[in-house]
Amino acid sequence: MLEDLPIPTDKSLCLVASKALELNPEDFRILQDALDNPNWPHSKLAQELRARGFDVGETVVRRHRLKTCACVR
Ligand SMILES: [Zn+2]
């Protein structure tokens with residue numbers, strides 16, 4: 001009866017978190033460490049991530065790190 005009930009797409013994650021889920025475990029850990037490292041300025045971290053193919057902007061990185069992104073809602 002309910003076989004075709006769709007699985008809701010998770011819209012509660014911001015771009016950083018949703019993209020992080022696509023990373024392999026090693027990259028995921030490196031990303032988490034970088035996000036937790038206060039020595040990384042938001043803009044520089046976003047720039048370096050983009051240079052490596054993790055296409056995020058400074059704004060989403062900053063909001064995710066400051067926990068003002070969609071993840072915490
Ligand atoms: Zn987030």
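Every number here is computed from the coordinates shown, using simple stated rules; none is lab data. Treat the numbers as computed from the prediction; the structure is a model and nothing was measured. Because the Cβ atoms are built from the backbone with ideal geometry, glycine has one as well, and the counts that use them run over all protein chains shown.
Here are the numbers for this structure:
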read-out	value
Ser18 being within 10 Å of the ligand (Cβ to nearest atom) and on the phi < 0 side of the Ramachandran plot	yes
Residue list for region 28-73, filter: part of a helix (DSSP H, G or I) and of a type in the set (Asp, Glu)	Asp33, Asp36, Glu48, Glu58
Filtered residues of region 48-73 (kept if more than 8 Å from the ligand (Cβ to nearest atom), surrounded by 12 or more Cβ atoms within 10 Å (Cβ to Cβ) and among the basic types (Lys, Arg))	Arg50, Arg62, Arg65
Candidate set: region 41-73, residues that are more than 10 Å from the chain's Cα centre (by Cα) and of a type in the set (A, V, I, L, M); chosen: the one farthest from Cys14 (Cα to Cα)	Ala51
Selection from region 25-73 of residues that are among the charged types (D, E, K, R) and touching a Cys at 6+ places or on another chain (Cβ under 7 Å)	Arg63
